[in-house]
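I have placed the structure first, in the form of structure tokens, so that the comments after it can refer back to it.
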Amino acid sequence: MKKIGLFLILIFSVSVLSAQKRTDADMQRWRDYGLGQFIHWGVYAIPGGQWNGKSYHGAAEWIRSWNEMPVNEYDSLYRQFNPAKFDAEKWAEMAKNMGAKYMIFTTKHHDGFCMWPSKYTAYTIANTPYKRDIVGPLVEAYSAAGIDVYLYFSIIDWNHKGYRSTLKTDADRQEYETFKQFTRNQLLELLDNYPKIKGLWFDGTWDRAWIEQAAWADSLGRELRAKIPGLIIGSRFRADLKGFRHQDANGQIIDDYDQRFERNLPSTLEETKGFDWDCVMTIPENQWGYHRDWLWTYVKTPYELIEMAVKANSLDGNLVINFGPDGNGGFRKEETDIAKEIGKWMSANGEAVYAAHHSVLEKQDWGYSTQKGDSIYLVIFNKPLNNKVRVKVPKPATKGMVNVIVKAEFPVIRKPASIEGTGADGTFYRDKNGFSYYNILIPKELQKTEMPFVIRIRLKEVDEKEAYQQAKM
Ligand code: JFZ
């Protein structure tokens, strides 16, 4: 029994370590983002999940597929699209204040409506009363604010006549060829128009018809990468030749990172399989585009979203929080409030998130930990009743040595913490397995806080005898 266990652990750690990862500076920059913003905006923001006084409780951006809403009515909505409140600089400022380091914007959702003036279809922003490009000003404003821009692009396109979800006949196949050329043209057009973007975020790639284009999509991917060196593409662009999606037949991630969704935020590092990953997260349940009736569903609190962001970074991923502006280009108050609250927390505690990754500490009941160099950040979500955070530190690699916390501070209030028993150098308790435990006293100022806070510690290996001496002092 024991032998089998060990064997499994060995296989497991080998597979975690063998994930092939990009090592270039662009990808390194991506890993350090910590927090991102997703924006779903298109003509679906006009009905906002309601039609003829009735509310559609599916995702608002899917209302075109709702039986009650006639398709031709939906496809005429763009004639009213004139978002007077749209202000790219204001959007970028809001994202910056929230602490986002990258932004993903819907250039074209499943409905096929293009938020940029594409040459390849008339169904674009150019033919609305607004007339002007939306994507360009966003790329400029966000980039100027120091936020990297990624473009969301749906392969599903309900508006293109060559689009099919499955290819049953030769005629289907012929039509689909025109759709493939159209898709390629649009993608190259986006990269030509907006060379500042850092990557593409694909969606709507689960159709049989698209999965069958694996070889073609692979070469298209190469073409896209050649246009913008360092371009980052997630795992939902293409299938492999065997029809595997996400992970290829060899268990490797397809393209650069694992694109996760709200429903599969991982809980352990093992679940991530050692891949780079990010997770896009809705604020309400399963709503991406603007929905007038948003509050009928559970709305996540800033606390919960911060917890997800910290958790993601503790597992070597990024969290991307979604916003759905309304048909006028304004954000609902609930969303701006949430962004502000998150921003307040990030400006005080972001050090524990940005460029901070999985730490050497095991997961403990008080919350999550991240690490940057020799700083380890304990992000406390569950404050102990006795106000003492009990920290279990790992066994050092060297025999006869112990790990001691040489420094513990609360970065928010810039004060060294007292460690129960001794003072800054700390005493410890050792269990039979050689792990050490420290009690760090939470300062008075933080004992009543309802938001998570951060303790920054440094670990050092010292001689076991010396550590016991210290403990006695
Ligand atoms: C897709 C879209 O259909 C949706 O409208 C939105 O744009 C979202 C970001 O992406 O929806 C999905 C697709 C896959 C999962 C969840 C939502 N998934 O795998 O969990």
Exercise. Mind checking which residues of region 369-414 are within 23 Å of residue 302 (Cβ to Cβ) and touching a residue at least 60 places away in the same chain (Cβ under 8 Å)?
Worked result: 370, 377, 378, 379, 380, 381, 383, 389, 411, 412
Exercise. How many of the residues making up region 257-288 are of a type in the set (A, V, I, L, M) and either in contact with a Pro (Cβ under 8 Å, 6 or more places away or on another chain) or modelled with pLDDT under 95 (or both)?
Worked result: 0
For this session: Give the residue, chosen from 298, 303, that is more than 30 Å from residue 180 (Cα to Cα), more than 16 Å from the ligand (Cβ to nearest atom) and out of contact with any strand residue (DSSP E or B) (no Cβ under 9 Å at 6 or more places or on another chain).
Result: 303
For this session: Would you tally the residues in region 319-354 being away from the ligand (no atom under 16 Å from the Cβ), more than 16 Å from the chain's Cα centre (by Cα) and not in a helix (DSSP H, G or I)?
Result: 7
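Please enumerate the residues belonging to region 239-280 that are β-branched (Val, Ile, Thr) and more than 16 Å from the ligand (Cβ to nearest atom). Before the answer, list the steps.
Taking region 239-280 first, the residues β-branched (Val, Ile, Thr) are 253-254, 268, 272, 280.
Matches in region 239-280: 268 only.
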Seminar exercise, completed: Apart from one, (1) closer than 24 Å to residue 70 by Cβ; (2) out of contact with any strand residue (DSSP E or B) (no Cβ under 9 Å at 6 or more places or on another chain); (3) not aliphatic (A, V, I, L, M) all hold for residue 124; the odd one out is (2)
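Taking residue 241, is it free of Cβ contacts under 8 Å to residues at least 60 places away in the same chain and more than 28 Å from residue 368 (Cα to Cα)? First the steps, then the outcome.
Working: free of Cβ contacts under 8 Å to residues at least 60 places away in the same chain: yes; more than 28 Å from residue 368 (Cα to Cα): yes.
When the stated conditions are applied, residue 241 passes them.
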For this session: Those residues that are crowded, with 22+ Cβ neighbours inside 10 Å and either farther than 19 Å from residue 182 by Cα or not hydrophobic (A, V, I, L, M, F, W, C) (or both), I need them from region 125-134; list them, please.
Result: 134
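Every residue, every condition in (1) touching a residue at least 24 places away in the same chain (Cβ under 8 Å); (2) touching a helix residue (DSSP H, G or I) at 6+ places or on another chain (Cβ under 9 Å), yes or no:
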position	(1), (2)
217	no, yes
225	no, no
230	yes, yes
252	yes, no
256	yes, yes
276	yes, yes
283	yes, yes
For this session: Give the number of residues within region 185-203 that are out of contact with any strand residue (DSSP E or B) (no Cβ under 9 Å at 6 or more places or on another chain) and either within 16 Å of the ligand (Cβ to nearest atom) or among the hydroxyl-bearing types (Ser, Thr, Tyr) (or both).
Result: 0
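Quick one: how many residues across region 60-85 are part of a loop (DSSP other than H, G, I, E, B) and crowded, with 20+ Cβ neighbours inside 10 Å? Step through it out loud before you land on a result.
Narrowing region 60-85 to residues part of a loop (DSSP other than H, G, I, E, B): 66-70, 75-76, 81-85.
Still in the running and crowded, with 20+ Cβ neighbours inside 10 Å: 81, 83.
Going through region 60-85 one residue at a time, the tally reaches 2.
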Problem set entry | Filtered residues of region 308-318 (kept if assigned to a helix (DSSP H, G or I), more than 16 Å from the ligand (Cβ to nearest atom) and not charged (D, E, K, R)) | 309, 310, 313, 314
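Please enumerate the residues belonging to region 137-149 that are assigned to a helix (DSSP H, G or I) and over 11 Å from residue 107 (Cβ atoms). Give the steps one after another, and end with the answer.
Kept after step one, since they are assigned to a helix (DSSP H, G or I), are these residues of region 137-149: 137-144.
Within region 137-149, 137, 140, 141, 142, 143, 144 qualify.
Given the structure, is residue 300 in the same structural domain as residue 57 (by TED's automatic domain parsing), within 25 Å of residue 454 (Cβ to Cβ), of a type in the set (D, E, K, R) and out of contact with any Leu (no Cβ under 6 Å at 6 or more places or on another chain)?
yes
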Exercise. If you take the residues of region 393-422 that are at pLDDT 90 or above and in contact with a Leu (Cβ under 7 Å, 6 or more places away or on another chain), which of them is nearest to residue 437 (Cα to Cα)?
Worked result: 393
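Kindly indicate whether residue 104 is within 13 Å of the ligand (Cβ to nearest atom) and over 22 Å from residue 27 (Cβ atoms). Let's see the steps before the verdict.
Details: within 13 Å of the ligand (Cβ to nearest atom): yes; over 22 Å from residue 27 (Cβ atoms): no.
No: the conditions fail for residue 104.
Yes or no: residue 182 within 16 Å of the ligand (Cβ to nearest atom) and either at pLDDT below 95 or crowded, with 16+ Cβ neighbours inside 10 Å (or both)? Explain how you work it out, then say what you get.
Working: within 16 Å of the ligand (Cβ to nearest atom): no; either at pLDDT below 95 or crowded, with 16+ Cβ neighbours inside 10 Å (or both): yes.
It is false that residue 182 is within 16 Å of the ligand (Cβ to nearest atom) and either at pLDDT below 95 or crowded, with 16+ Cβ neighbours inside 10 Å (or both).
The values are calculated or read from the model by the stated rules, or taken from the named source; none is laboratory data. Small disclaimer: the values here were computed from a predicted structure and weren't measured. So basically every Cβ, Gly included, is an ideal-geometry build from the backbone, and we count neighbours across all protein chains shown.
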